[in-house]
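No value in this document is a laboratory result; all are computed from the given coordinates. A quick note: this is a predicted structure, and the numbers were derived from the prediction, not measured. Please note: Cβ atoms are built from the backbone with ideal geometry, for glycine as well, and neighbour counts cover all protein chains shown.
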Amino acid sequence: MNATNREPATCRPRFLAQHRLEPLHSRTVRERLEYALVWPWIKLLGLLPRPLARAVGIAVGLTVYHAHRRLRLVGTRNLALAFPEMPAGERRRILRREYFSLGRQLAEFCLFPRYTRENVSSVVIYSGLENYERAFARGKGVLFLTGHLGAWELSAFVHSLHGHPLSVVMRPLDNPYIDAFVQRYRTMHGNRTVSKDDFVRGLLAAMRAGQCVGILMDTNMTPPQGVFVNFFGIPAYTASGLARIALRTDAAVVPGFTTWDAKLRKYILRFDPALKLVRTGNDNDEADIVANTAMFTGVIEDYVRRYPDQWLWMHRRWKTRPEGEPPLY
């Protein structure tokens with residue numbers, strides 16, 4: 001039925017209008033109930049002594065590992081794709097340890113309000129801060145290349161505590177009440193968030209102002225938001241926005257990851273030297289975009305190989321396939 005043939009809204013049966021309102025109402029009630037369940041747990045963990053909070057967080061992570069079969073299967077599949085030569089028992093150990101890592105990060109996130117510039121060094125220490133400072137001093141902006149490795153939530157939070165606020169590109173959580181609560185924790189020391197829906201405009205404005213923007217670019221994308229580049233030797237559809245912005249603005253691209261060090265019993269926020277962008281000079285912008293996206297992805301892969309039990313294996317990284325290729329999940 002085309003628009004000109006639609007019946008006036010006032011003539012529609014009342015039960016149709018009620019039916020359309022019910023899902024929205026039900027969703028709002030569900031979202032409020034979810035928030036009512038999540039909020040007390042975050043506050044409770046935030047009140048506990050840090051060792052106990054971390055123990056509870058790890059217990060929550062292991063509970064999810066054992067209870068959520070679908071996520072466990074995705075993680076098992078991903079590890080088999082990435083490390084086909086590795087014994088199955090070792091892959092299971094890595095996957096289980098990932099949930100330890102997630103549980104630790106959950107506890108640290110809940111403890112955010114208690115951390116200050118004076119006490120946070122007992123949790124996170126810097127390595128290579130001079131690489132960030134050198135890149136920032138150029139005045140053309142810094143693109144903070146990172147991924148879902150280690151304690152990514154701590155990266156921006158701790159950096160802002162030390163007087164280096166940044167913007168972080170991320171997708172809002174599905175539950176708006178939980179999302180607003182999480183945003184308050186993420187931004188309590190000057191950080192800002194940039195919605196993926198306003199990705200390009202937000203990044204361009206930040207680079208013109210010489211600011212720093214963090215981008216988690218290790219998730220599966222859907223066309224036309226990216227390009228295919230290899231990740232563990234398998235084509236992965238990857239966000240190309242970071243490469244496009246870097247080539248356009250000449251902003252510095254600085255890899256930065258916050259990983260757990262078992263010997264120190266602390267996290268290390270490590271900044272590597274700024275990457276040298278690929279510029280072929282052949283007026284083929286798309287080729288340069290693909291080449292740089294591949295380079296950025298290679299950096300992330302290198303870190304995942306070094307810390308395999310701290311990466312988010314439960315994510316279907318290779319869900320989008322090149323045309324004609326069968327699904328991997």
**Asked** Once you list every other residue whose beta carbon is under 12 Å from the beta carbon of residue 103, what net charge do they have if Lys and Arg are +1 and Asp and Glu are -1?
**Response** +2
**Prompt:** Suppose R0 equals 41 Å; then what is the FRET efficiency for residue 97 and residue 188 from their Cβ-Cβ distance, rounded to the nearest 0.05?
**Reply:** 0.85
**Asked** Straight-line reach from residue 140: which lysines have Cα under 20 Å away, leaving out those fewer than 8 places along the same chain?
**Response** 276
**Request:** Give the relative contact order (percent, whole number) for the chain; include only Cα pairs under 8 Å separated by 6+ residues.
**Result:** 22
**Complete:** For residue 66 and residue 208, extending 7 Å from Cα along the Cα-Cβ vector and measuring point to point gives, in nm, a value of 5.5
**Prompt:** Which whole-number percentage describes the relative contact order of region 13-105, with Cα contacts under 8 Å and a sequence gap of 6 or more?
**Reply:** 33
**Prompt:** How far is the Cα center of region 236-271 from the Cα center of region 168-224, in Å?
**Reply:** 15
**Prompt:** With each pseudo-label sitting 7 Å past Cα toward Cβ, what's the residue 279-residue 31 distance in nm, one decimal?
**Reply:** 4.5
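State the extension gain, in nm to one decimal, for the chain segment bounded by residue 230 and residue 248, taking 0.36 nm per residue of separation less the distance between their alpha-carbons.
Stretched out fully, the residue 230 to residue 248 stretch lengthens by 4.1 nm.
Where a ≥ b ≥ c are the square roots of the eigenvalues of the C-alpha gyration tensor, would you call region 189-252 rounded, which needs a/c under 1.5, or, failing that, prolate if a/b is larger than b/c, or oblate? Mind showing how you got there, number by number?
Values: a/c = 2.11, a/b = 1.81, b/c = 1.17.
Prolate is the answer for region 189-252, as a/c is 1.5 or above and a/b outweighs b/c.
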**Message:** Could you check the spin-label model distance between residue 134 and residue 171? Points 7 Å from the Cα along Cα→Cβ, value in nm.
**Reply:** 3.6
**Complete:** Residues of region 233-276 with backbone N under 17 Å of the label point set 7 Å from the Cα of residue 81 along Cα→Cβ are 233-239
**Asked** How long are the three semi-axes of the equivalent ellipsoid for region 121-310, computed from the Cα gyration tensor as the root of 5 times each eigenvalue, in whole Å, largest first?
**Response** 24, 19, 18
**Item:** Three-way shape call for the chain based on the alpha-carbon gyration tensor, with the a/c threshold at 1.5
**Value:** rounded
**Prompt:** Considering amide H positions built from the backbone, and no H for Pro or chain starts, which residues 5 or more places from residue 194, or on another chain, come under 5 Å of its amide H?
**Reply:** 168, 169, 170
**Item:** Segment residue 122-residue 48, length gained on full extension (0.36 nm per residue, minus Cα span)
**Value:** 25.0 nm
